[in-house]
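Trainee: Pasting in a structure now, in structure tokens, and then I'll have a few things to ask.
FYI, it's all coordinate maths here, none of it is from the lab. Keep in mind that this is a model prediction, so the values were computed, not measured. Positions of Cβ are backbone-derived with ideal geometry, glycine not excepted, and every protein chain shown enters the neighbour counts.
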Amino acid sequence: MTLTPTRVLLQEARDAARGLGAFNVIHLETAEALVAGAEEAGLPVVLQVSENCIRYHGGFDPVTKAVLAVADASSARIAVHLDHAEDPDLALRGIDAGFGSVMFDGAKLEFEENVLWTRRVVERAHSAGVLVEAELGEVGGKNGAHTPGVRTDPDEARDFVAQTDVDALAVAVGSSHAMTERVADIDVELIARLSHAVPVPLVLHGSSGVPDARIVDGIRAGLSKINVSTHLSNVFTSAVRRYLADHPTAVDSRAYFSTGRDAVRTESARLLTLFADNERP
């Protein structure tokens with residue numbers, strides 16, 4: 001099946017008041033696992049390639065071409081997204097490479113500068129039919145922020161979307177990147193206010209630190225795209241650790257990487273089902 005535009009999957013999720021899983025690729029095994037999870041669940045998924053992932057693989061082409069190929073060969077509906085591009089040029093490269101969406105992350109910039117650069121990326125992306133996600137407010141984890149002072153303001157969000165014409169907005173509502181324990185408490189009331197304030201789908205970053213039930217509450221309050229990375233990496237690594245503990249003489253990395261891949265397939269299918277099965281009252 002050919003790639004599905006992110007715009008289509010995200011609009012379907014928003015119209016149905018459901019969550020769309022967007023999961024980060026770390027390496028080829030991750031991409032294979034996430035696609036297999038989508039096929040097992042019978043649900044769409046967004047494969048996300050981050051700026052950090054591209055850096056790890058030594059350049060843009062090796063990992064992005066592999067992910068696009070894995071997605072294109074799947075029987076599931078798969079979109080491919082460039083995640084957390086802080087460099088506008090990288091966002092533009094994602095547009096040219098055939099990604100269904102790109103995220104320009106200008107959250108560290110002052111409001112006016114974030115608007116300026118986001119609008120430039122949006123203009124280029126829309127001419128190619130590509131969706132743009134932006135971030136307003138600061139999602140913790142990258143600099144240790146995880147306090148009420150970094151929440152997204154609904155009035156500012158409304159102005160930002162109007163000035164940039166962005167298609168989706170990542171909001172700071174209490175989650176934090178790279179959390180290995182699922183103990184974060186997102187502000188569901190703020191999510192509802194943001195959902196009423198802006199006309200575009202809302203995105204939750206840092207979802208790995210949020211318990212299942214609280215993510216469901218957030219979806220019911222207005223979240224549409226749920227990003228997960230660290231939690232699935234933890235699932236992969238835990239499975240590999242168990243295999244190596246049980247097989248101390250193992251040397252073939254395919255043997256233990258396949259256990260990690262299987263574990264991520266199972267957990268990603270579970271998360272996709274969780275997000276999709278919880279409609280707002």
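Trainee: If packing is taken as the mean number of other Cβ atoms within 10 Å per residue, what is the order of 156-165, 212-221, highest first? All intermediate terms of the calculation are to be shown ahead of the outcome.
Mentor: Working: 156-165: 17.2, 212-221: 19.6.
Top to bottom by mean Cβ count within 10 Å: 212-221, 156-165.
Trainee: If amide H atoms are built 1.01 Å from N in the plane of the peptide, which residues on other chains or at least 5 residues away come under 5 Å of the amide H of Gly106?
Mentor: Answer set, sorted by chain and number: Glu135.
Trainee: Please compute the length gained on full extension between Thr237 and Leu116, using 0.36 nm multiplied by the number of residues separating them and subtracting their Cα-Cα distance. Can you show the working numbers first?
Mentor: Details: separation 121, 0.36 × 121 = 43.56 nm, distance 4.00 nm.
Here the segment from Thr237 to Leu116 would lengthen by 39.6 nm.
Trainee: While we're here: In Å³ and rounded to a whole number, note down the convex hull volume per residue for the Cα atoms of the chain.
Mentor: Considering the Cα atoms of the chain, their hull volume per residue is 121 Å³.
Trainee: Compare the peptides 223-232, 48-57 by average per-residue count of other Cβ atoms within 10 angstrom and give them in order, highest first.
Mentor: Working: 223-232: 25.4, 48-57: 18.7.
Most protected by this proxy first, the peptides run 223-232, 48-57.
Trainee: Rounded to the nearest 20 Debye, what is the dipole magnitude of the chain about its Cα centre when Lys and Arg each give +1 and Asp and Glu each give -1 at the C-beta? If you can, show how the numbers build up before the last one.
Mentor: On the way: 26 positive and 40 negative charges, 117 e Å.
Dipole of the chain, to the nearest 20 debye: 560 debye.
Trainee: Could I ask something else about it? In whole percent, what relative contact order does the chain give with Cα contacts below 8 Å and a gap of six or more residues? Please report the intermediate quantities before stating the final value.
Mentor: On the way: 602 pairs, mean separation 61.4, N = 281.
Relative contact order for the chain comes out at 22 percent.
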